[in-house]
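The values are calculated or read from the model by the stated rules, or taken from the named source; none is laboratory data. Keep in mind the model is a prediction, meaning the values are calculated, not measured. Note: ideal-geometry Cβ built from the backbone for every residue, glycine included; neighbour counts use all protein chains shown. Ligands, DNA and RNA are stripped out before the accessible areas are found, and what is left, the full protein with its side chains, is counted by its heavy atoms. Shrake-Rupley method; radii C 1.70, N 1.55, O 1.52, S 1.80 Å.
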Amino acid sequence: MGIYLEKMLALDIPNLQQETIDLLESSKVFLSKINHTENCQQQITQQQELVKKLELRMTVVAPMKAGKSTIINAIVGQELVPSHSFAMTTLPTEIVINNQLTEPKLQIPNQTVEILTGLTQQITQAIEQQGIEWAYKQTEEYLHLKDLVTELAQGMSINSQVIGHSDIQNYLEKVNHIIRLATKLIPNYDWNIFHLPRIETPCQSSIFSSLQQSNLIIVDTPGPNEAGDNHKLAETVITQIQNSSVVLFILDYTNLHTKAEEEVKKEVQKIIDLRGKDNLFVLVNKIDRRKDKNSLNSEQVKSYVKSEFGIENIFEISAINAFNANSFLQNKNNPQELFEDIDTWEMVQDTITETKLQQLAKQKWQKSGFSSFLKDVIYKLTIGSTHECMRTAIKTARSCLN
Ligand SMILES: Nc1nc2c(ncn2[C@@H]2O[C@H](COP(=O)(O)OP(=O)(O)OP(=O)(O)O)[C@@H](O)[C@H]2O)c(=O)[nH]1
Ligand SMILES: [Mg+2]
């Protein structure tokens, strides 16, 4: 262990990387000899893969609609992953900063294209067999799926590469809806996506301007608590949590202490038991909804998180305000998004000056709490990703051996 630490300090990364991989291999061999649970060995194998690529995976988890996708869009400073007021994400998606690119690129691994193609074929068959009215009925709680049912009934193909913001957004929306539709129309069809779509994107946030390419992989996940079809989505999230080194657990300020939160918490707790709390960050989102004096104040939120998770280092944020303020400051567009509602914007739009808008955007950014989250979590993880990746791998193996 002493030699290991010395190498870590001397930054002999290639050697250290090989030693970490070997150490993990020995742990697996030992565990197999004592007939230890397969789950532990699988997790070590997964960590080995991360060390081989020197990737640090950060999974963003939360009950449905807490704002995971909005937070990811605010981190990269652009609208990439779809976010909506209705249930959106079903397919976990990786996001990686690559400032060598001029526009974002989405790549879908072949295995995943095949699974998605299979799903669309199964859905089309089910519609053919049972009739389109049956399909509409099964999905009536999701009105936005109706058009997709009609489209799928006519057949659809799945691309493996998409370039540019709006095409990526549209594509992901469609694929996410296909998966949601599959959970409704062919609930017993067995599919599992292990090879995730990955978006590589240049990043608009100024703190990443000197960075070329990041080894921090941010993983957007579905909220696992959707009524009715939660099994598949819950499994997907659990796999992603197990395969990551860092977990960003989002709580919705307007919805604290719900059953849904409790369910996600159980999964996160397993990771805390395995690897400790070092790489767990809790974000309380939507604090812009703290309107009156009866709302929970900062101290109360902190004490709630501390009693639930034993964590004091939490971040209170408003991802939507951070996103809107940053978009305005970067591109000067959508000033109306700086206002709470369209009525207020309509009242001031003819008289408000550019300087005032600028001030308002800066205030919003400041109050969003996003800046310290970016600096203290995302930036630190990005620059320390190599070490953190190996450290977590070793920790996982050590916990399994213990
Ligand atoms: N008021 C407020 N609303 C927010 C904030 N962040 C996100 N939202 C809204 O919350 C809704 C859900 O946001 P998403 O980012 O899609 O949430 P998600 O967790 O990715 O949702 P699923 O993928 O469906 O589980 C959208 O209508 C967002 O505009 C915030 O900071 N404040
Ligand atoms: Mg989402």
Original post:
Pick from S26, S85, S295: which is most flexible by mean-square fluctuation in a GNM of the chain where alpha carbon atoms under 10 Å apart are linked?
Top reply: S85
Subject >> In sequence order, calculated HN-Hα J values of the stretch 45-62 (Karplus, 6.51, -1.76, 1.60; Hz; x Gly/Pro) >> reply: 4, 4, 5, 4, 4, 5, 5, 4, 8, 6, 9, 10, 9, 10, 9, 9, 10, 5
Subject >> Protein accessible area in the stretch 103-201, 1.4 Å probe - carbon and sulfur % >> reply: 43
Original post:
Using the Cβ atoms and a cut-off under 11 Å, what net charge is assigned to the surroundings of D278, where Lys and Arg are +1 and Asp and Glu are -1?
Top reply: +3
Subject >> Separation between Cα centres of the stretch 167-229 and the stretch 70-143, rounded to whole Å >> reply: 7
**OP:** Only bridges with both residues in the chain count here: give the DSSP antiparallel percent, nearest 5.
**Re:** 30
Original post:
How about K184: which lysines have a C-alpha closer than 17 Å to its C-alpha, ignoring those fewer than 8 places off in the same chain?
Top reply: K137, K146, K174, K232
Subject >> Å² per residue, accessible surface of the chain at 1.4 Å >> reply: 48
Original post:
How far apart, in nm, are two points set 7 Å out from the Cα along the Cα-to-Cβ line at K380 and at I132?
Top reply: 5.6
Original post:
Put a dot 7 Å past each Cα toward the Cβ at Q107 and N297; how far apart are the dots in nm?
Top reply: 5.1
Subject >> Among H387, H165, H144, residue whose mean-square fluctuation peaks in a GNM of the chain (springs only between Cα atoms under 10 Å) >> reply: H144
**OP:** Evaluate E = 1/(1 + (r/R0)^6) for K277 and S160, where r is the Cβ-Cβ distance and R0 equals 30 Å; express this FRET efficiency to the nearest 0.05.
**Re:** 0.20
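Can you give the FRET efficiency to the nearest 0.05 for Q204 and E49, using r as the Cβ-Cβ distance and R₀ = 25 Å?
In this case the efficiency is close to 0.25.
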Subject >> In Hz, Karplus ³J(HN,Hα) per residue of the stretch 386-402 (6.51, -1.76, 1.60; θ = phi - 60°; x = Gly, Pro) >> reply: 4, 5, 4, 4, 6, 4, 5, 4, 5, 4, 4, 4, 4, 4, 4, 5, 4
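Calculate, for E262 and H195, the FRET efficiency according to 1/(1 + (r/R0)^6) with r their C-beta to C-beta distance and R0 35 Å; round to the nearest 0.05.
It comes to 0.70.
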**OP:** Provide the gained length on full extension for the span T254 to S85, in nm with one decimal, where the gain is 0.36 nm per separating residue minus the Cα-Cα distance.
**Re:** 59.4 nm
Original post:
With a sphere of radius 9 Å drawn around the Cβ of H84, what net charge do the other residues whose Cβ falls strictly inside it have (Lys, Arg +1; Asp, Glu -1)?
Top reply: 0
**OP:** Report the residue, chosen from D167, D292, D252, that carries the largest GNM mean-square fluctuation when the chain is represented by alpha-carbon nodes joined by springs under 10 Å.
**Re:** D292
